[in-house]
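Written out below as structure tokens is the structure these notes cover.
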Amino acid sequence: MDNSQQHLQIAFIGAGRMSYCLISGLLKKGYDQRCITASAQHQTSLTRLLQRLNQQSEKEINLITSTANTHLVKQADIVVLAVKPVAIKNILQQICEQDVLGHKPLIVTLAAGISITYMLAHLQREKYPIVRSMPNTPAQLGLGMTGLYANACVTTVQRNWIEALFQSLGKVLWVDAEQKLDTVTAISGSGPAYFFYIVEILEQIATEQGLPAHQASQLVRQTMLGAAHMLMQEEISPEQLREQVTSPGGSTEQAINVLKGSKLYTTFKQAIIAAKKRTEEFNNK
Ligand SMILES: NC(=O)c1ccc[n+]([C@@H]2O[C@H](COP(=O)([O-])OP(=O)(O)OC[C@H]3O[C@@H](n4cnc5c(N)ncnc54)[C@H](OP(=O)(O)O)[C@@H]3O)[C@@H](O)[C@H]2O)c1
């Protein structure tokens, strides 16, 4: 993030998990807290957000917050809609009714399955710069993966802002067609949940096979961490990495044979398609 980007005023609408992830990522990268604001419907949500941010920071964090969404939009260069999809319509209507977009802040949405066409309709505009983003929760550690799509009204300078914003949370990937975000949502947006589910299963089986819970947990988590590092460091494919662990006739081969025979691929594919379909259903609402 260069110096000019460090001073952009960013208004977060919503004070939940994703706002926390994004704001804590920005603060860890040294973003000036005076340039970040947050709004939510309830003061308790804002208080909770500030408490969480302060727990992870050595410096005192005291963002400007409000229970009036549009109040903070007036001063923003970037407005981040970090609310559940169901809340988007209402917020866009508030923005529209109170006519606070005169200075044309860029709107960035995190809501899965809310299309740009839907947003423009509720903003009552034919054209407006909007970026759709699909981050994931490892963003809070700076290890996020964010998919991004910008409509044609977004300038190159604005794209650079957004790229820098989300790069402070990990890696970013632009897609060239809005519908590709549905696949991004099903793979990397929901992906941490699939991974945690596999960890849950392995830990449970390890305890069933006689290990104490704390040992099962250590074995599984450190194994996942080590394997993930190998994936990112080695110049070889996951398949080759797997083959390196799989000696002919050995125990890993036995396990992999069972997994291959169990239609795991088909099950995963069905899961991803189900997630994608759900996102597409939101798009069409
Ligand atoms: N969690 C994930 O892993 C993940 C990953 C990628 C994308 N996303 C997307 O990110 C978005 C936010 O998810 P989240 O997990 O952060 O949700 P969350 O934890 O439920 O937080 C939602 C926030 O929105 C606020 N809110 C609700 N209605 C509002 C309104 N009308 N005006 C202002 N604030 C309002 C809520 O506070 P009040 O009730 O006080 O208003 C709350 O602070 C969602 O659209 C989700 O699809 C989530």
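The values are calculated or read from the model by the stated rules, or taken from the named source; none is laboratory data. No experiment lies behind these values; they were computed from the predicted model shown. Glycine gets a Cβ as well: all are built from the backbone with ideal geometry, and neighbour counts include every protein chain shown. Heads up: the accessible areas ignore ligands, DNA and RNA and are worked out on the full protein's heavy atoms, side chains in. Shrake-Rupley method; radii C 1.70, N 1.55, O 1.52, S 1.80 Å.
Based on Cα contacts under 8 Å between residues 6+ apart, segment 5-176 shows a relative contact order of 21 percent. Projecting the Cα atoms of THR266, VAL131, GLN75 onto the charge dipole of the chain (Cβ charges, centred on the Cα centre) puts GLN75 farthest toward the positive pole. Under the definition of Cα pairs under 8 Å and six or more residues apart, what whole-number percent is the relative contact order of segment 1-88? Across segment 1-88, relative contact order equals 42 percent. Both radii are taken from the alpha-carbon atoms of segment 53-95; with Rh as the Kirkwood radius, Rg/Rh is 1.06.
Helical content of the chain, expressed as a calculated mean residue ellipticity at 222 nm, amounts to -16000 deg cm²/dmol (DSSP H runs of 4 or more residues, -39,500 (n - 2.57) each, divided by residue number, nearest 500).
Compared with the dominant Cα axis of the chain, that is its longest principal axis, helix 213-233 is turned about 70°.
For segment 100-207, the convex hull drawn through the C-alpha positions has a volume of 117 cubic angstrom per residue. Taking springs between alpha-carbon atoms closer than 10 angstrom, which of GLY170, GLY30, GLY113 fluctuates most in the Gaussian network model of the chain? Of the options given, GLY30 has the highest mean-square fluctuation.
Restriction of the GluC sites (Glu not before Pro) in segment 30-129 to DSSP coil positions whose beta-carbon has at most 14 other beta-carbons within 10 angstrom yields GLU58, GLU60, GLU126. For trypsin sites (Lys or Arg not before Pro), the sites in segment 25-127 that DSSP calls loop and that have at most 12 other Cβ atoms within 10 Å are LYS59, LYS127. In the context of the full set of protein chains, residues of the chain present 57 Å² of accessible surface per residue (probe radius 1.4 Å, heavy atoms only). Please build a GNM for the chain, connecting alpha carbons under 10 Å apart, and tell me which residue among ILE95, ILE272, ILE205 fluctuates the most. The residue with the greatest mean-square fluctuation here is ILE205. Only Lys, Arg, Asp and Glu carry charge here, each on its Cβ (+1 for the first two, -1 for the last two); on that basis segment 1-117 has a dipole of about 300 debye about its Cα centre. Restricting the calculation to Cα atoms, segment 135-189 shows an Rg/Rh of 0.98 when the hydrodynamic-style radius is the Kirkwood one.
Measuring from centroid to centroid over Cα atoms, what is the spacing of segment 134-197 and segment 52-96 in Å? Segment 134-197 and segment 52-96 have Cα centres separated by 19 Å. The mean of 1/r over all pairs of different alpha-carbon atoms in the chain, once inverted, gives a Kirkwood hydrodynamic radius of 20.9 Å. Across the accessible surface of segment 135-248, with the other protein chains kept in place and a 1.4 Å probe, carbon and sulfur atoms take up 59 percent. In this Cβ point-charge picture (+1 for Lys and Arg, -1 for Asp and Glu), segment 142-285 has a dipole of about 340 debye about its Cα centre. Measuring nothing but protein heavy atoms, the accessible surface of segment 41-89 at 1.4 Å probe radius is 47 percent carbon and sulfur. Counting only DSSP beta bridges with both residues in the chain, tell me the antiparallel percent, nearest 5. Beta bridges within the chain, antiparallel portion: roughly 15 percent. Across segment 115-184, Cα pairs under 8 Å and at least six residues apart give a relative contact order of 31 percent.
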